[in-house]
Amino acid sequence: MASVLAWIDHDAKARERTLRILSLFQEKESRDELGLGSVRDSFADKLFPGTSTIQTRLRYMLFVPWIYHSLEEKRLPADRFAIQADSMERELLQPLMNSDDQAGVFGKTAGKKLKRLPSSVYWAGLGAWGIRLTPFSQEEYHRRIDDTYRRRTALKVLEKDAKTRGDDIDVELRRATQSWHRSLPEPPDHFPQNAEFALSRQEAEFIKDRIRASCPNSLLSSLILHGKPADVYAPWEHPDYGSFSDHHKELLTHARLFSEVMHGASLSYNIQLARIIKRNQLVSEHEERFDGWIKSLPLEEIRSWSTSRLWELTMGHGHVIKPSTRTFIEQWINQTRVSAKNLLSNTTAMSLVKKREMTLKGPRSRFRNRRALEQRGGYSGVGRLVYRWPNVKVFLNDLYQGMKQEEKC
């Protein structure tokens, strides 16, 4: 029987959480066989709010509101609104594929048959950066658009009456009728037929201002003030690390150590599964990776690492880290501290990883379900956690290129 994930459509927040869970199954960095995602995402959201690993290019942060704003300007009714928005998003594909820069095009492989549109991928980020003002989920926004039009009509009447009396309209009342930031730049002529990823100077300035205003304490906000982006593997390798704030340095230190130590648990998981199906070449490959991990492991730092501070930095703030997750992580850290080089012969450490996956996956556990084991490609979460940094690098480069453009008079 196929697995089904469903939810009762009570409120926008619940729906957004469910859509986020669904999106995780598609994210490159989310092969979360050992249930580390809550800690990973907590770090990523603090460092780079509004981003995700399935976002591709920065200008989609403008493509989406441009499309919706144009439909609002036409007062397209709710029964046609979502359909027309869907059509316009798919129209982005061809001009982007005809441009010189095709990296990160949604639908590059699937074409207009793509199942997930950019708007659903960028919706949360648009809200986090204050570009999207409507508080509703995407579907609820579609459904409520007629009500939005009515409230705007009513506001015009109030504004006219207030002007007659010499009064001002309450700012919050006006804001409640707005779906998108009032300073959103105008789209280029003939959009979306001439869409491309290059930002204009005005567009880059707008996005920069939105990030700084909405996420002022984030590393993302700090990095947009720097010059040319750094092409490094992880954010803690950034050449300007020395000038980062103490808060950002602390976050990155804990994020780095968490990435380093839990990488060993992921490698142990892959080795154990490869041994079960007796794929000797795969076993050797993973064991070689494990040896490399041992050699590069900052063991002294890990032994003096304050895990209590790790939880202070990651728990709460919109992220729920279950007690079982915390226990597993602490037990693995302790096993690593005792003797990292013996983890593959340490039955307690090996069993810890095995039991964790079995608890999370139940009957679909690859340790107890032969079919699930044989269907896997042999690599699950073998990359170190870098907290969406590859996507952030692309965004920073897009922004930098836009800031270099000549400002139009």
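With respect to residue 337, is the statement that it is over 20 Å from residue 295 (Cα atoms), surrounded by fewer than 18 Cβ atoms within 10 Å (Cβ to Cβ) and charged (D, E, K, R) true? Answer is no for this residue. For the stretch 264-304, a tally of residues being assigned to a helix (DSSP H, G or I), of a type outside the set (A, V, I, L, M) and more than 19 Å from residue 351 (Cβ to Cβ) returns 14.
Out of 200, 221, one residue alone is polar (S, T, N, Q) and free of Cβ contacts under 8 Å to residues at least 12 places away in the same chain. It is 221. Which one is nearest to residue 311 (Cα to Cα) among residues in the stretch 227-243 that are in contact with a Phe, Trp or Tyr (Cβ under 9 Å, 6 or more places away or on another chain) and not in a helix (DSSP H, G or I)? Only one residue tops the list, namely 234.
Within the option set 210, 175, being in contact with a Phe, Trp or Tyr (Cβ under 7 Å, 6 or more places away or on another chain) and either closer than 22 Å to residue 104 by Cβ or modelled with pLDDT under 95 (or both) holds for one residue only, 210. Looking at 286, 226, just one residue is at negative phi and not assigned by TED's automatic domain parsing to the domain that holds residue 312, and that residue is 226. Regarding residue 263, is this residue closer than 30 Å to residue 343 by Cα and touching a Phe, Trp or Tyr at 6+ places or on another chain (Cβ under 7 Å)? Yes: the conditions hold for residue 263. Of all residues in the stretch 336-353, those satisfying the criterion of being in a helix (DSSP H, G or I) and either among the hydrophobic types (A, V, I, L, M, F, W, C) or touching a strand residue (DSSP E or B) at 6+ places or on another chain (Cβ under 7 Å) (or both) are 338, 340, 349, 350, 352, 353.
Applying the criterion of at least 3 residues that are under 23 Å from the mean Cα position of the chain (by Cα) and touching a residue at least 24 places away in the same chain (Cβ under 8 Å) to the helices (runs of 4 or more DSSP H) found wholly in the stretch 77-192 leaves 78-91, 118-128, 138-143.
A quick yes/no check of all residues on (1) surrounded by 13 or more Cβ atoms within 10 Å (Cβ to Cβ); (2) in contact with an Asp or Glu (Cβ under 6 Å, 6 or more places away or on another chain); (3) more than 26 Å from residue 329 (Cα to Cα):
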| residue | (1), (2), (3) |
| --- | --- |
| 208 | yes, no, yes |
| 217 | no, no, yes |
| 237 | yes, no, no |
| 248 | yes, no, no |
| 259 | yes, no, no |
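The values are calculated or read from the model by the stated rules, or taken from the named source; none is laboratory data. In this text, all values refer to a predicted model and were calculated from it rather than measured experimentally. Cβ atoms come from the backbone with ideal geometry, glycine included; neighbour counts cover every protein chain shown.
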